[in-house]
1. So if each residue of separation counts as 0.36 nm, and I subtract the Cα-Cα distance between B:Tyr34 and B:Arg149, what length gain in nm does that give?
2. What residues have an amide H closer than 5 Å to that of B:Val325, excluding those fewer than 5 places away on the same chain, when H is modeled at 1.01 Å from N in the peptide plane?
3. For A:Lys220, give me every one of the lysines with a C-alpha distance below 20 angstrom, ignoring sequence neighbours fewer than eight places off in its own chain.
4. Can you give me the Cα centroid spacing of the range B:175-225 and the range A:50-77 in angstrom?
5. Starting at the first residue of the range B:35-50, write each ³J(HN,Hα) from the Karplus equation 6.51 cos²θ - 1.76 cosθ + 1.60 with θ = phi - 60°, in whole Hz, x for Gly and Pro.
6. Summarise the partner chain shielding of A:169-179 as one whole number: the mean count of Cβ atoms from other chains within 10 Å of each residue's Cβ.
7. Using a 10 Å cut-off around each Cβ of peptide B:303-311, what is the average number of partner chain Cβ atoms that fall inside?
8. Sort B:325-337, B:45-57 by the packing proxy (mean of other Cβ within 10 Å over each peptide's residues), most packed first.
Amino acid sequence: MSLQQSFHDDIAGNGPMKILVIEDDREAAEYLEKALVEAGHTAHVARDGETGFSLADAESYDVLIVDRMLPRRDGLSVIAGLRARGNETPALILSALGEVDDRVKGLRAGGDDYLTKPYAFAELLARIEVLNRRATVRDGETMYRAGDLELDRLSHTVKRAGREITLQPREFRLLEYLMRHGGQVVTRTMLLENVWDYHFDPQTNVIDVHVSRLRSKIEKGFDKPLLHTVRGAGYMLKA
Amino acid sequence: MLQRLNAIFRTTAVRLSALYLLLFLISALVLVFYMTSLSTRMLTAQTRETIEEEALSLARAYERGGIPVLARSVAQRSRQPGANLYLLADANGRPLAGNVDALDPGVLETTGWTQRPFAYRRFGEGTTRPPAEGTAETERHQAIAQVIRLPNQMIVLIGRDLGEPERFQSIIRRSLTVALGLMGLGALLIWFFVGRQALTRIDRLSEASRRIMGGDLSGRLPVTGAGDEFDRLSENLNAMLARIATLNDGLKQVSDNIAHDLKTPLTRLRNRAEAVLSGKHSVAQYREALEGTIAESDQLIRTFNAILMISRLQAGNSAEETTPVALDQTVRDVVELYEPLAEEQGVELTAHELAEGAVMGNRELIGQALSNIVDNAIKYSAGADGGGKVEVSLTRDGSVIRIGVADNGPGIPEEDRARAIERFVRLEQSRSQPGSGLGLSLADAVMKFHGGALDLAGREPGLKVDMVFKGAA
């Protein structure tokens, strides 16, 4: 089984999501809908802010993908409106505006993640996977497990097959994030955002080197690989 | 000429001064009327007092000697120069003595004050001798008079010509009118000349701006050197034009650079796709070609994003939030981020002598700028003799903080250093290295956004890039 294959299998494993795409550009909306359906999800499309708001309010979605600039009602207002009505469906904001400040505004309006156009579909897919409300139930857990790998969030220790593995603080945070989203693809930018708290595009393979260091620590001396590279997308921790 | 006058009248200055003149005229007129009526009232009161005094003295004459003394006294006073009127008449109103020639009928019937025209003889000033009948001026004058009926039913009228207060009033009115007329004329002249001057200068300004709008962005509005509001306006507009020209040049340079630097990868992308399509290949080969295409597109998107970011920062209208940023922490973060990469490349990345320092700024931007510089330093020192070395330092001198990144790579020749910061410039020898060539440009834009500078200095061998922050907290 190729890694590419496992990536798709895994999405099926997480179950198909019901996604609402609020995007006024016909081509972009159709492309997104097609790609999401191909990835095994159900996608509805609203072409303006009002329609999007009514749909999101009336039906139950797992994730919303909201363009910022929309006719009739802008994306941030749609999300803020939903939040005001107690609707907490995770929302990913798509925007052509890439300034740090725009992302801050988007997140303040109640958005859960922010992606600047143009984007790679793999990046978007990985991000909505992580946002999926049925998947994000690990907040309260103090112990993450993947196969024989264990991470204790309270004592900050990592064990594989009962043997303790010593990690640097940053390596611990990296593994914690990967295990928290075990079975899901995480991209390099997601790692830079969540582990280093920087939101720029790492131009070189700086993240890859961190991941391979971590990989050698948790896989050295063990047969079964845990930390997989998903080509064209990122990484996935899966037993 | 008429059109020109019309144009002058339409200028704001003229309209304003016309309004002021009108307001001034109205208030001046009010003042004139108030003053003249006030003085008239005062003079009238004075006149009545005089008349009452006369009446009192005539009454004393009457008490002293009865009618004869009174008649003599009236006759005597009538001949004195002045503007007084006297009349002594019998019970039927027939004149006995005095200088009043004719009376409107019924004047003597009612006692008390009356004001009306009287015909009376007036003796010239300085003449002691009564003039012959008819030579004395007998004119009808507005006068105020008191009619008194004596106990024996005879009537005494004592009055005073009001001609003097009236003359006084008319003099004031006339002089004020003349003054107002002169003022109006002056205002008209001022309108004409000031308005015409303003108009000429505005004409010159609009002509110059039309020329500039016509495409000659190097043109500037005329400044006369008078330092007045027109000059200030011209200077400000010129400053604006200079800024527009700078931005325009920047924009032109960006589009030139985009055209130049994106054309190459786009052409490569296209040619690769064409080459794959033209031959027979296995599915794996097609897949590989497509993946290559995606990778190349991603690089293009990165380049675009970097260009956009630099442009926004350089345009100076970026709304990025600024917060206190602990630079030492940023340095540690970035060094920690790049340490594994450096090790993999056989480069020793160290951060010694880190002073403490915080500036107001944008942590993301500073982090990204430093990442770019460190990334470059690792890239270029990787093949150095005896192993690459990159040292990151943070030094503080008063309010100036420097983050220095020194490498032992090939360095940049001094004459090329300024150019290395320009957008897209990748010096010939580095063309083979991956990257958009925008790292230093972005770092430079970030430093300028923070009011600082990016310093490039040579080392033996290598390059030292300093991010210089001014005004540290």
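The numbers here are math on the coordinates, done by the rules we state, and not lab data. Given the structure is predicted, the values throughout are model-derived calculations rather than measurements. FYI the Cβ positions are ideal-geometry reconstructions off the backbone, even for glycines, and counts take in every protein chain you see.
1. 37.7 nm
2. B:Val359, B:Met360, B:Gly361
3. Once the sequence-local lysines are set aside, what remains near A:Lys220 is A:Lys159, A:Lys238.
4. So the two Cα centres are separated by 58 Å.
5. 5, 5, 5, 5, 5, 4, 4, 5, 5, 4, 4, 4, 4, 4, 4, 4
6. Numbers: counts 1, 5, 1, 0, 0, 0, 0, 0, 0, 0, 0.
Across A:169-179, the average partner-chain Cβ count within 10 Å equals 1.
7. Values: counts 1, 2, 6, 3, 0, 5, 4, 0, 0.
Counting other chains' Cβ atoms within 10 Å and averaging over B:303-311 gives 2.
8. On the way: B:325-337: 20.3, B:45-57: 14.2.
Result, highest mean first: B:325-337, B:45-57.
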